[in-house]
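S.K.: Structure incoming, see below.
Since every read-out is calculated from the coordinates, none of them should be taken as a lab result. On a predicted model such as this, the values are computed, not experimentally measured, just so you know. Cβ sites come from the backbone with ideal geometry, for glycine too, and all protein chains shown count toward neighbours.
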Amino acid sequence: MKILDRAVEDSVAPGAKPRPGQAMMLKDLVEAMLDDGHGQAQAEGPTGVGKSFVYLTVAAAAMAARSERSVVSTESLALQAQIVDKDAPVIAAACEAVTGFRPQFAVLKGWSNYVCTQATVDSANDMLDRLGRTGDAEPKALSRKFDKAVADKGKMLFGEQKERADVLAWALRQAVGAGDPRVTGDKNAYPGNMNDSMTWDSVSVSSADCIGADRCVFADECLPRAAKARAAEADVVVTNHHLLAVQAANDVPVVIGSKTLGEFHHVFVDEGHGLPQIVRSQGAVEISSRAVLSLARAVGKVLDDRETSVKNWMDAGAGVAQYVNEDLKEKAQRIGGRDTVLRLGEGQEPLESSFAVVDRWLTEAVEMLKRAAKSNSAPAAEIGLKRARGRVEGMKSALDLVSEHKPGAARWVEVVTPHPRATDQTKYPVVRYTPVDVAGMIRRSLWTREMTEEELEAVGWSEQSAPVEEESSAPEGPKPRVPLTSAVLSATMPPGFGRQVGIRAPLRKYPSPFDSAYGSSVLFVPRAVDQADLQALGSSAYGKFKFDTAKHRAWALRHMIDLVEANGGSALILAATASSGKEYAAALKSAARGRWDVLSQWDGVALRKQVAAWKADRASVMVGTRSLMTGVDAAGDTCTLVVVDRPARAASNPVDDARVEALVANADMDKWAADRFCYVSDASLLLEQSAGRLIRKVSDSGMLAVLDPRLLKAGPFSYPEPTRRMYLDTLHRFETKISVPEAAHQWLRNQQARHAGAQAS
Ligand code: SF4
């Protein structure tokens, strides 16, 4: 507690005390840590409570008192940077002042987030070749030649080529500076814009594609290796959910149990509500004719297509793609009615005619790539061959996953519309697989680790002591694992979240420091009771007069324009879908008549820049959808009005449908309860996060408008009561509620007058 006290004093003011929620959370996390070193905790700490100070304090204290290392994970690279650059130095200084020991913190990102010198040298030489200049094998000389060539011939480079040249020039300087602790080669440190995702690929490799320290001539100055080495030395490693998800989805020791990174004792997952979805995405795979053709091209690039076997294999690719397409097309034809996908169940084989053909074709590719790797030892070729082999093996395992029914996973066939910029605009069928129930994967991979050799020896475990299958002489049974202290924290937790991540500890909720700010703010939900509203919102379907979400868009827009007008701008508009958001942005721009700027996430400007411009201009209005519901932090007068058109319930989709089915089968829930548990609960979480955009500090106040009359009990369009309650529960912190539009407009005008008066005085 003394470390936290000191950190709060250092960061706030002398005499400042931790918030009540911080003190309570600290006690709970310490208890989890002391529970034989492997307790669990599930903490809901509202925004502003100061969670990061709490878990960093626990991690620092664990090292100072018990020499125990921790992993901290958060949702994004930006949050990772914020923890390491802003919060960790305060905690490290406080820990040193209290205990005399200064813990070391380090960031851990994926291998491909850092410049690979070998890939950069290869790509820069390729580009020089195309510019008609000679290259160099040594980064310093190459960097000079490259800069000169770009200065002389830069006019020949346009669009993606120009972007790639800029990134290569920067990456070469990073490679030259390797060894200087200020030079990290971190993608985040690149000062320019990168619009083409292929650009970064030209200067980086994944850990699987790296040719290895024993083979690489740049291994001593390798930037990804240096980053990993810093993490291995650190007491507290700050990583992101993506890396943890790679570990959980593939059951490989990327972080926990990694021999290079060393032993960890505690795991703290901040913004943990996002983890299951990231694990699902990480485990998702697909097969289509386009994927087959793209793989054929990638393999063809690294093999010598003058060789007969390679040529034959590539020619066969078109036939294999055709087989896959015909198989999937036949399944896609069964999609009908209101369905947009064909879910696959037990015994349903999406590639029944083509499986063997694809499998053979892929096996052949692996053999050719193995042979090529044996006969070609140039590092540049080796990276390309490894990349290609990784893709082939990835498709091989995808083929197995999409073909076999497994409980806890979803498989389906759907028809994909190509990206508008794609040259071929023909729609094509695809089969997809996604793990749905990921609790077991998370529990096994992240909350426990395999015992080390010494620990195995200490408990007397050996390969022979494992249970042995009667018919087999091979030892069977997994090595024993050690549980870690596992704490999942979030500002908002969906109901029953512990079950999704395999945490048994009950959810603890901590008081918000923003109660008085919510007390001086209001929630506005417009009612729809008169005939005009009913006609504007409803339509008849199947003999029933029902709420029509398409018509609601125009109705919500009228309210939105009135509210923004009454507030004089200074608003954040959050749309349930991108298409409605674009429509709102266009209408609000024309309604503003130049009195305030209306910015949106569809203006073709990087979102980061757009949000910065909105925050810098008090009267401006920002329009966006899901990414702004969770990722915007504008305290003060910029954001005194947050408008949400309606809860962003996801459209029916195979993954969430499979989650619902799993709950009905395994958790003794009826279909409606399970549906609420998945779809409504996810939408509630987004609604709560959207509401949280309004109050970012104790002195904030304003209005949250949710333009969905179904939230009100009165009127013909109410949500089913359990759903309505679930949504309203997320908004319970607003004490004052308004449903009459004129009263809402007046409240906003009064607020603006108060703000103007405060500024004048
Ligand atoms: S060791 Fe791997 S990542 Fe490092 S420079 Fe060489 S190829 Fe690139």
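S.K.: Sorting check: for 733-739, 446-452, which peptide has the highest mean count of neighbouring beta carbons within 10 Å, and how do the rest follow?
M.R.: Highest-to-lowest ranking by the protection proxy: 446-452, 733-739.
S.K.: Please give me the summed charge of the neighbours of LEU303: other residues whose Cβ is under 14 Å from its Cβ, Lys and Arg +1, Asp and Glu -1.
M.R.: So the environment of LEU303 carries a net charge of +4.
S.K.: With just the Cα atoms defining each centre, how far is segment 488-548 from segment 356-377? Give it in Å.
M.R.: Comparing the Cα centres of segment 488-548 and segment 356-377, I get a distance of 53 Å.
S.K.: For Cα pairs less than 8 Å apart in space and 6+ apart in sequence, what is the mean separation divided by the residue count of segment 515-760, i.e. the relative contact order in percent?
M.R.: For segment 515-760, the relative contact order is 32 percent.
S.K.: Sort the following peptides by mean Cβ neighbour count (other Cβ atoms within 10 Å, averaged over residues), highest first: 87-98, 14-25, 568-579.
M.R.: Result, highest mean Cβ count within 10 Å first: 568-579, 87-98, 14-25.
S.K.: Let me ask something else about it. Please give every one of the lysines within straight-line cross-link reach of LYS145, meaning a C-alpha to C-alpha distance under 28 Å, and leave out same-chain neighbours fewer than 8 residues apart.
M.R.: Partners within reach: LYS153, LYS155, LYS162, LYS187, LYS301.
S.K.: While we're on this one: What shape does segment 636-675 have by the C-alpha gyration tensor, where a ≥ b ≥ c are the square roots of the eigenvalues, rounded means a/c under 1.5, and otherwise prolate means a/b greater than b/c and oblate the rest?
M.R.: Prolate.
S.K.: Under the rule of -39500 (n - 2.57) per DSSP H run of 4 or more residues, summed and divided by the residues of the chain, what mean residue ellipticity at 222 nm is obtained, to the nearest 500 deg cm²/dmol?
M.R.: -15000 deg cm²/dmol
S.K.: Bins of 5 Å, beginning at zero and ending with the bin holding the largest distance: percent of Cα pairs per bin for segment 511-613, please.
M.R.: Values per bin, smallest distances first: 2, 10, 17, 17, 17, 15, 12, 7, 3, 1.
S.K.: Which whole-number percent is the relative contact order of the chain (Cα, under 8 Å, 6+ apart)?
M.R.: Relative CO of the chain lands at 15 percent.
S.K.: Relative contact order (percent) for segment 203-294, with alpha-carbon contacts under 8 angstrom and 6 or more residues of separation?
M.R.: 25 percent.
S.K.: Would you please classify the overall shape of the chain from the alpha carbon gyration tensor, given that a ≥ b ≥ c denote the square roots of the eigenvalues, rounded means a/c under 1.5, and beyond that prolate means a/b larger than b/c while oblate covers the rest?
M.R.: rounded
S.K.: I'd like the orientation of helix 379-403 relative to the chain: the angle between its Cα long axis and the longest Cα principal axis, in ° from 0 to 90, rounded to 10.
M.R.: Roughly 60 degrees between the two axes.
S.K.: Distance cut-off 23 Å, Cα to Cα: go down the list LYS228/LYS396; LYS17/LYS509; LYS331/LYS396; LYS329/LYS370; LYS582/LYS697 and report the pairs above it.
M.R.: Where the Cα-Cα span goes over 23 Å, the pairs concerned are LYS228/LYS396; LYS329/LYS370; LYS582/LYS697.
S.K.: On to the next question. At q = 0.16 Å⁻¹, what log₁₀ I(q)/I(0) does a Debye calculation on the Cα points of segment 118-209 give, no solvent, two decimals?
M.R.: -0.61
S.K.: I would also like to ask the following. Apply the a/c threshold of 1.5 to the C-alpha gyration tensor of segment 362-450 and tell me whether it is rounded, prolate or oblate.
M.R.: Oblate, since a/c reaches 1.5 and b/c is not below a/b.
S.K.: If packing is taken as the average count of other Cβ atoms within 10 Å, what order do 101-109, 398-406 fall into, highest mean first?
M.R.: Answer by packing, highest mean first, reads 101-109, 398-406.
S.K.: Still on this model: Plugging the Kirkwood radius over Cα pairs into Stokes-Einstein for segment 285-435, at a temperature of 37 °C and a viscosity of 0.692 mPa s, what D comes out in µm²/s?
M.R.: For the chosen part, D equals 201 µm²/s.
S.K.: Kindly express, to the nearest 10 degrees and within the range 0 to 90, the angle between helix 549-567's C-alpha long axis and the longest C-alpha principal axis of the chain.
M.R.: 70 degrees
S.K.: With bins 10 Å wide starting at 0, give me the P(r) of segment 515-760 over every alpha carbon pair, in whole percents.
M.R.: Answer for segment 515-760: a P(r) of 7, 31, 36, 19, 6, 1, 0 percent.
S.K.: Among the aspartates and glutamates, which fall within straight-line cross-link reach of LYS615, defined as a Cα-Cα distance under 15 Å, with same-chain neighbours fewer than 8 residues apart omitted?
M.R.: Leaving aside aspartates and glutamates fewer than 8 places away in the same chain, those within reach of LYS615 are ASP597, ASP633, ASP637, ASP700.
S.K.: Something else now. To the nearest µm²/s, what D does Stokes-Einstein give for segment 1-84 at 4 °C and 1.567 mPa s, using the Kirkwood radius over alpha carbon pairs as Rh?
M.R.: 95 µm²/s
S.K.: A further question follows. Report, in debye and to the nearest 20, how large the dipole of the chain comes out about its Cα centre when Lys and Arg carry +1 and Asp and Glu carry -1 on their Cβ.
M.R.: Here the size comes out at about 2480 debye.
S.K.: A follow-up question, please. State, to one decimal in nm², a quarter of the convex hull surface area for the C-alpha atoms of segment 688-758, i.e. the direction-averaged projected area.
M.R.: The orientation-averaged projected area of the Cα hull of segment 688-758 comes to 5.5 nm².
S.K.: Nearest 10 degrees, 0 to 90: what angle lies between the long axis of helix 2-11 and the longest principal axis of the chain (Cα atoms)?
M.R.: 70 degrees
S.K.: I need the fraction of alpha carbon pairs in segment 153-275 separated by more than 18 Å, rounded to a whole percent.
M.R.: Roughly 63 percent, once rounded to a whole number.
S.K.: Find, to one decimal place in angstroms, the Kirkwood hydrodynamic radius of segment 250-352, where the mean of 1/r is taken over every pair of different Cα atoms and then inverted.
M.R.: Roughly 18.2 Å, rounded to one decimal.
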